[in-house]
Amino acid sequence: MWGGRFAEGPSAIMREINASIPFDKALWRQDIAASKAHVAMLGETGIVTKDDAATISNGLDQIAAEYQADGVPEDWDLEDIHMTVEARLTELVGPVAGRLHTARSRNDQVATDFKLWVRAEMDRMDSALHLFQQALLARADEHAASIMPGFTHLQTAQPVTLGHHLMAYYEMIRRDRSRFADARVRLNESPLGSAALAGTGFPIDRNMTAQALGFDRPTANSLDAVSDRDFALDFLMAASQCALHLSRLAEEFVIWASQPFGFVRLPDSLSTGSSIMPQKKNPDAAELVRGHAGRVIGCATSLMITMKGLPLAYSKDMQDDKPPVFEAAGLLELSIAAMTGMIADSDFNPERMRDAAEQGFATATDLADWLVTQGDIPFREAHHITGAAVKLAESEGVALDQLQLSALKDIDARIDERVFDALSVGSSVRARSSYGGTAPAEVRARVAEAKALLAKPKPAEDK
Ligand code: ARG
């Protein structure tokens, strides 16, 4: 490709360190699409003849059919997907193939291809996350009134509903989808035509290629366009945060599925057994989702470190941008699928959750709140009185609502029998009816809103 200036070919080490074809062959569809848009523009603007443009375009179609059928050949001498396609094009249509590279460089080519790949991946993530949200909503609806202990510090705090808990993850995924959508808007400018770094003297039409490839507009600075990998970093940041959310949910499943908790039975399809302990059913998929989050975050870190010291414009370090993006995308897609299955097919045990909520004095706050509203006692004093009641219940080994009224009255004479209504876990969750609270009616309202939101057609982003 650059033989004119070089006396010797590359050493074996140079060939190996230089080759990106082992991984960038994943870009073949994007590479061919971008070349077709480019050559159509070259023909339209008269930079190449219409005949030559048609010959090249047909050759590219044939290469696409070959790759589709047989995969992309991996020849290190050809370095990357761009040269692999061009070499095959030369075999197919002869020297006219050399006109395709007029007014472009591999620098704008790789930026364009990679953006197209990341954009398609963002759309796949969005669809997968949409399905995951639907699974969350279905189970949240089903368990809008199933009581479980709510935790802070993993200590029983107040009763909540399982539906409420699952809807917390719905909210996280809603933000994840919006992060991918934001990133997609920023990504969607076409680098093609920036050439090596400075633009080109040929009378190209960058709007035409931008439009053909579904970009909103061409990039406004050629140096930035060939050296920008923000779009890949945006993708990896959004992916990291999403992986982090999935990892937290996975961790909850690991805890909930343990014998002392027993809140959930994982689907057989997403568990494994032990080769030595026949009774075991291990939450491997959940653990791997938790593990994969570390790797996704590592991918984001890797690319940030690759980029942080690079002067403008393109440097070969940037060839290392693709493996972390490909790896993170694969890991996250699999993690979303695993968690969608886990949510959809797990067997929750509401009785067990309710029993757990009834232990640990989860309604202590309800007693304090009752003293405030019914006894007109300042909250701090109510908190103190409640503490004494909890201490008594603990020493007698009973739940708060099993204490004798006389014992409660000994602690504070203002307590009367109506307090028992407030002390059950059911009345506790029903009382938490503030907007966004855990009351079953509130949870059902949030689920209904979310279902309506998901059913709305997305704003035009299929470009
Ligand atoms: N294989 C290269 C990459 O993936 C393509 C761009 C090469 N550009 C260059 N000036 N050597 O980044």
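Suppose all protein chains stay in the model; what accessible area per residue would a 1.4 Å probe give for segment 195-273, in Å²? Kindly include the intermediate steps, with their values, before the conclusion.
Values: 3530 Å² over 79 residues.
For segment 195-273, the per-residue accessible area is 45 Å².
Net charge near residue 422, counting Lys/Arg +1 and Asp/Glu -1 over other residues with Cβ under 10 Å of its Cβ?
-3
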Could you work out [θ]222 nm for the chain from helices alone, using -39500 (n - 2.57) per DSSP H run of at least four and dividing by all its residues? Round to the nearest 500 deg cm²/dmol.
-20500 deg cm²/dmol
Where in segment 27-54 does the amide nitrogen come within less than 14 Å of the point 7 Å from the Cα of residue 207, taken along Cα to Cβ?
none
Scaled by the rule-of-thumb 2.2 N^0.38 Å, the alpha carbon Rg for segment 1-143 gives a ratio of 1.36
Proximal lysines relative to residue 391, as straight alpha-carbon distance under 17 Å, when same-chain residues fewer than 8 apart are discounted
409
Can you list residues from other chains, or at least 5 along the same chain, whose modelled amide H is less than 5 Å from the amide H of residue 161?
148
Using a 7 Å offset from the Cα along the Cα-to-Cβ direction at both residue 124 and residue 91, what is the distance between the two label points in nm, to one decimal?
2.7
Ordering 328-341, 422-435, 440-453 by per-residue average of other C-beta atoms within 10 angstrom, highest first, gives 328-341, 422-435, 440-453
1/(1 + (r/R0)^6) with r = Cβ-Cβ of residue 258 and residue 395, R0 = 25 Å, i.e. FRET efficiency to nearest 0.05, evaluates to 0.30
Based on C-alpha coordinates, I'd like the Rg and Dmax of the chain, in Å.
30.3, 101
With only Lys, Arg, Asp and Glu charged, each at its Cβ (+1 for the first two, -1 for the last two), find how big the charge dipole of the chain is about the Cα centre; round to the nearest 20 debye.
540
Set Lys and Arg Cβ to +1 and Asp and Glu Cβ to -1, take the dipole of segment 165-309 about its Cα centre, and tell me which of 243, 299, 201 lies farthest positive.
243
For segment 1-77, whose charge dipole is built from +1 on Lys and Arg Cβ atoms and -1 on Asp and Glu Cβ atoms, the candidate among 55, 11, 65 with its Cα farthest towards the positive end is 55
In the P(r) worked out for segment 295-335, what percent of Cα pairs fall beyond 14 Å?
46
For segment 1-68, the per residue accessible area (1.4 Å probe, Å²) is 55
With R₀ set to 30 angstrom, the calculated FRET efficiency between the beta-carbons of residue 174 and residue 317, to the nearest 0.05, is 0.25
Could you check the spin-label model distance between residue 352 and residue 374? Points 7 Å from the Cα along Cα→Cβ, value in nm.
3.4
A chain fully extended from residue 359 to residue 301 at 0.36 nm per residue, minus the present Cα-Cα distance, gains in nm 16.6 nm
Cα-only Debye scattering, segment 63-124: base-10 log of I(q)/I(0) at q = 0.18, 0.23, 0.24, 0.25 Å⁻¹
-0.80, -1.14, -1.18, -1.21
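Over segment 372-444, average the accessible area per residue using a 1.4 Å probe and give it in Å², no decimals.
58
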What FRET efficiency, computed as 1/(1 + (r/R0)^6) with R0 = 30 Å and r the Cβ-Cβ distance, is obtained for residue 77 and residue 310, rounded to the nearest 0.05?
0.65
Which percent of the accessible area of segment 257-305 is formed by carbon and sulfur heavy atoms (probe 1.4 angstrom)?
60
With label points built 7 Å along Cα→Cβ from the Cα atoms of residue 417 and residue 54, find their separation and express it in nm.
9.7
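With respect to the cross-link table entries 281/451; 36/316; 25/308; 115/322, which display a Cα-Cα separation exceeding 22 Å?
From the list (281/451; 36/316; 25/308; 115/322), the Cα-Cα distance tops 22 Å for 281/451; 36/316; 25/308.
Report in % the part of the accessible area of segment 372-463 that belongs to carbon and sulfur, leaving out ligands and nucleic acids; probe 1.4 Å.
55
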Return the carbon/sulfur percentage of the accessible area of segment 152-256, one whole number, probe 1.4 Å, all protein chains in place.
51
If N is the residue count of segment 109-205, its Cα Rg over 2.2 N^0.38 Å rounds to 1.75
Does segment 385-425 come out rounded, prolate or oblate by the C-alpha gyration tensor, with a ≥ b ≥ c the root eigenvalues, rounded set by a/c under 1.5 and, if not, prolate when a/b is larger than b/c and oblate if not?
oblate
Extension reserve of the residue 15-residue 268 stretch, reckoned as 0.36 nm per residue once the Cα distance is removed
86.3 nm
Along the dipole axis of segment 132-190 (charges at Cβ: +1 for Lys and Arg, -1 for Asp and Glu; origin at the Cα centre), the most positive-end residue among 136, 153, 172 is 172
Karplus ³J(HN,Hα) for segment 289-299 (6.51 cos²θ - 1.76 cosθ + 1.60, θ = phi - 60°; Hz, whole; x = Gly/Pro) runs 4, 4, x, 4, 4, x, 5, 4, 4, x, 5
Cut-off 16 Å, label 7 Å out along Cα→Cβ of residue 45, residues of segment 68-99 by amide N:
99
I'd like to compare 43-49, 90-96: which one has the highest average count of other Cβ atoms within 10 Å, and what's the full order after that?
43-49, 90-96
Taking the Cα centre of each part, how many Å lie between segment 415-433 and segment 186-212?
66
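Counting alpha carbon pairs within less than 8 Å and at least 6 residues apart, what relative contact order, in whole percent, applies to segment 142-205? Intermediate values should be presented prior to the final figure.
Details: 40 pairs, mean separation 12.7, N = 64.
Here the relative contact order equals 20 percent.
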Based on Cβ point charges of +1 for Lys and Arg and -1 for Asp and Glu, what charge dipole magnitude is obtained for segment 18-103 about its Cα centre, in debye rounded to the nearest 20?
340
In what sequence, highest mean first, do 197-207, 4-14 appear when ranked by Cβ atoms within 10 angstrom?
197-207, 4-14
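The values are calculated or read from the model by the stated rules, or taken from the named source; none is laboratory data. A quick note: this is a predicted structure, and the numbers were derived from the prediction, not measured. Here the Cβ is made from the backbone with ideal geometry for all residues, glycine too, and neighbour counts use every protein chain on show. When the accessible area is computed, the model is the full protein with side chains, heavy atoms only, and any ligands, DNA or RNA have been set aside. Shrake-Rupley method; radii C 1.70, N 1.55, O 1.52, S 1.80 Å.
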